[in-house]
Amino acid sequence: MGNNASVKQFKTDMLALKNQMAKNFRNEFLAQAAELRENIQAAIEHSVSGHLKDSVRIKDVSTDTKPSVLVIAGGPQTTKRTENGAFDYSLAEEFGTVKEEARPFFYPTVRGYKNRYREGVRETFEETLAESNKTRATRSAGGSGAYRGALTTRR
């Protein structure tokens, strides 16, 4: 079976599908992260030093096989030095302090994206799978006989 042309073609197709999925998911995650970043920045009511909105950023930590994108707020731009040590005021804005009430901007916005995120991932998956099936069907129509049916998703 190791020399079977249709098995070799299938393995090649599945590797190409895996690589295309990773690429498409990464692109989808970057697009969603850009939109989420804008909405998090819009949810910031005010900023003590004006750097809080600027501290919201996107970090692409994808590898060749695992697409992953982070949206982060706070850090060096929002960290103040006090007599008691370093203090990141983005955390004070989000969660509040003993003296100030919380003005959440990050997590409520992220929670609002849960369903949209899932929908985008599902659409990306289905579109990539459909494109792969179309490519395999087109090749099969040429008479190679390598196409044995569409890959489908379970609902």
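The values are calculated or read from the model by the stated rules, or taken from the named source; none is laboratory data. Predicted, not measured: the structure shown is a model, and the values here were computed from it. We place every Cβ from the backbone using ideal geometry, glycine too, and count neighbours over all the protein chains shown.
Annotations for the structure displayed:
- Glu100 meets all of the listed conditions (1) within 23 Å of Phe29 (Cβ to Cβ); (2) acidic (Asp, Glu); (3) at pLDDT below 90 but one, namely (1).
- Cβ pairs under 6 Å, 6+ apart, first in the stretch 71-84 and over 24 Å from Phe29 (Cβ atoms) and buried (at least 18 other Cβ atoms within 10 Å of the Cβ), second hydrophobic (A, V, I, L, M, F, W, C) and modelled with pLDDT of 90 or more: Thr78/Leu52
- Selection within the stretch 85-110 - surrounded by 10 or more Cβ atoms within 10 Å (Cβ to Cβ) and among the charged types (D, E, K, R): Asp88, Glu93, Glu94, Glu100, Arg103
- Leu91 falls short of the stated requirement of being within 30 Å of Met14 (Cβ to Cβ), in contact (Cβ under 8 Å) with a residue 12 or more places away in the chain and out of contact with any His (no Cβ under 9 Å at 6 or more places or on another chain).
- Test: residue in the stretch 58-65 that is out of contact with any Pro (no Cβ under 6 Å at 6 or more places or on another chain) and over 30 Å from Lys11 (Cβ atoms): yes
- Flag if Arg111 is in contact with a strand residue (DSSP E or B) (Cβ under 6 Å, 6 or more places away or on another chain), modelled with pLDDT of 90 or more and not β-branched (Val, Ile, Thr): no
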